[in-house]
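K.L.:
Would you mind keeping the following structure in view while I ask a few things?
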Amino acid sequence: MARARARRKGFFTRWWESQADRHFQIIVYSTILSTAAVVWGFMFLFMLGGATDPTQEEYMVPFSWLSLFLGGIVAFYAVPEFLHYMGQRTVIEDILSLDSRPEVLRRRKEAEDAADLLGRSYQSRLMGLYSEFEIKGGKRYKVPIKNSRDGDANLHSDGSLASKLSVWWNTSESRLSGWLPGLPALEQQNSNRAVIAFSASALFLLMWNSIFGIATGSSGSRDHTLDVSAYLGGAEDIHQLAPHFDPVSLLLIGFMATVLWSTMPETTQDEEE
């Protein structure tokens, strides 16, 4: 009977069950890609006028409609799951930061339920916490034990701006590395520094363009803003007297600001007691 039931499982169900340790990663990246597809489709078709531009009908319009509808379908299912997984991640991160053995024992079922859902990385950290507090049952998962407090524990801020910036620049456990599991490169200090430099530079350039302008006007001064929306829409006049904020520039400013914020440490270290 068990074999008969196994045969009735569809291909996708069998594949999903075989990826138990990667569910969190799959949900995260599906949410990111589907949301990006929806945003692109909506921006191009309705804000940049792509749906009414005859020069775009051959390729970009069908692609944008496809992105909008397929992205919307995937996002409809992925986003609620993403919120659930992130909620469980918050739960286990809170438990992993506990310093009280009785409190860990009290919330043990919560922690194990979350670790079951989130996969090997969090199972390994949970076993490390059990080992630290000598809690029985530390062999529940067949995973290498990882110290639950590894990472930036040696980075501390004394509250000053310079100290906070130093912790930020030297962190290897950014919010971004937590949001995008399965990408070890993001857990490297140099990788996080590269993302900081790129996002900060792009944010500065976008804001300077919108507020002061980077294009030369008829007067010979760089006092005109490059209208990114008009440029992507294929308009002839793509320069506007600064300050000027177009929809795409605002979207990019918001995106780059979010990326820069996400490079900050997952948890800020307060002054040592």
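K.L.:
Is it the case that M43 is in contact with a helix residue (DSSP H, G or I) (Cβ under 9 Å, 6 or more places away or on another chain) and in contact (Cβ under 8 Å) with a residue 24 or more places away in the chain?
P.N.:
Details: in contact with a helix residue (DSSP H, G or I) (Cβ under 9 Å, 6 or more places away or on another chain): yes; in contact (Cβ under 8 Å) with a residue 24 or more places away in the chain: yes.
Against the criterion (in contact with a helix residue (DSSP H, G or I) (Cβ under 9 Å, 6 or more places away or on another chain) and in contact (Cβ under 8 Å) with a residue 24 or more places away in the chain), M43 qualifies.
K.L.:
Is it true that some residue in the range 76-87 is in the same structural domain as F24 (by TED's automatic domain parsing), closer than 26 Å to Q19 by Cβ, of a type in the set (D, E, K, R) and assigned to a helix (DSSP H, G or I)? Step through it out loud before you land on a result.
P.N.:
Here is the first cut: in the range 76-87, the ones in the same structural domain as F24 (by TED's automatic domain parsing) are 76-87.
Those left that are additionally closer than 26 Å to Q19 by Cβ: 76-87.
The next check asks that each one be of a type in the set (D, E, K, R); those that pass are 81.
Restricting the remaining residues to those that are assigned to a helix (DSSP H, G or I) gives 81.
Within the range 76-87, one or more residues are in the same structural domain as F24 (by TED's automatic domain parsing), closer than 26 Å to Q19 by Cβ, of a type in the set (D, E, K, R) and assigned to a helix (DSSP H, G or I).
K.L.:
Residues that are under 30 Å from K109 (Cα atoms), over 17 Å from the mean Cα position of the chain (by Cα) and modelled with pLDDT under 75: find the helices (runs of 4 or more DSSP H) completely inside the range 140-251 holding 3 or more of those. Working first, answer last.
P.N.:
Values: elements: 161-170, 175-179, 189-211, 228-232.
Where helices (runs of 4 or more DSSP H) fall fully within the range 140-251, none carries at least 3 residues being under 30 Å from K109 (Cα atoms), over 17 Å from the mean Cα position of the chain (by Cα) and modelled with pLDDT under 75.
K.L.:
For the range 97-104, state whether one or more residues are within 22 Å of R22 (Cα to Cα) and of a type in the set (V, I, T). Talk me through it step by step, then tell me what you get.
P.N.:
Applying the first criterion (within 22 Å of R22 (Cα to Cα)) to the range 97-104 yields none.
No: the range 97-104 contains no residue that is within 22 Å of R22 (Cα to Cα) and of a type in the set (V, I, T).
K.L.:
Name every residue in the range 252-273 that is surrounded by fewer than 16 Cβ atoms within 10 Å (Cβ to Cβ), at pLDDT 85 or above and β-branched (V, I, T), in order of residue number.
P.N.:
T258
K.L.:
Another question about this same structure. Answer yes or no: is there a residue in the range 12-32 that is at pLDDT 85 or above, small (G, A, S), more than 22 Å from L250 (Cβ to Cβ) and surrounded by 15 or more Cβ atoms within 10 Å (Cβ to Cβ).
P.N.:
Within the range 12-32, one or more residues are at pLDDT 85 or above, small (G, A, S), more than 22 Å from L250 (Cβ to Cβ) and surrounded by 15 or more Cβ atoms within 10 Å (Cβ to Cβ).
K.L.:
Can you tell which of A36, A114 is in a helix (DSSP H, G or I) and out of contact with any Gly (no Cβ under 8 Å at 6 or more places or on another chain)? Can you show your working first?
P.N.:
Values: A36 fails: out of contact with any Gly (no Cβ under 8 Å at 6 or more places or on another chain).
From the options A36, A114, the qualifying one is A114.
K.L.:
Additional query: In this structure, does G71 turn out to be among the small types (G, A, S), in the same structural domain as S131 (by TED's automatic domain parsing), buried (at least 17 other Cβ atoms within 10 Å of the Cβ) and modelled with pLDDT under 90? It would help to see each step written out before you state the result.
P.N.:
Values: among the small types (G, A, S): yes; in the same structural domain as S131 (by TED's automatic domain parsing): yes; buried (at least 17 other Cβ atoms within 10 Å of the Cβ): yes; modelled with pLDDT under 90: no.
Considered against the rule, which asks whether it is among the small types (G, A, S), in the same structural domain as S131 (by TED's automatic domain parsing), buried (at least 17 other Cβ atoms within 10 Å of the Cβ) and modelled with pLDDT under 90, G71 comes out as no.
The values are calculated or read from the model by the stated rules, or taken from the named source; none is laboratory data. What you see is a predicted model; the values in this text were computed from it and never measured. Glycine also receives a Cβ, built like all others from the backbone with ideal geometry; neighbour counts cover every protein chain displayed.
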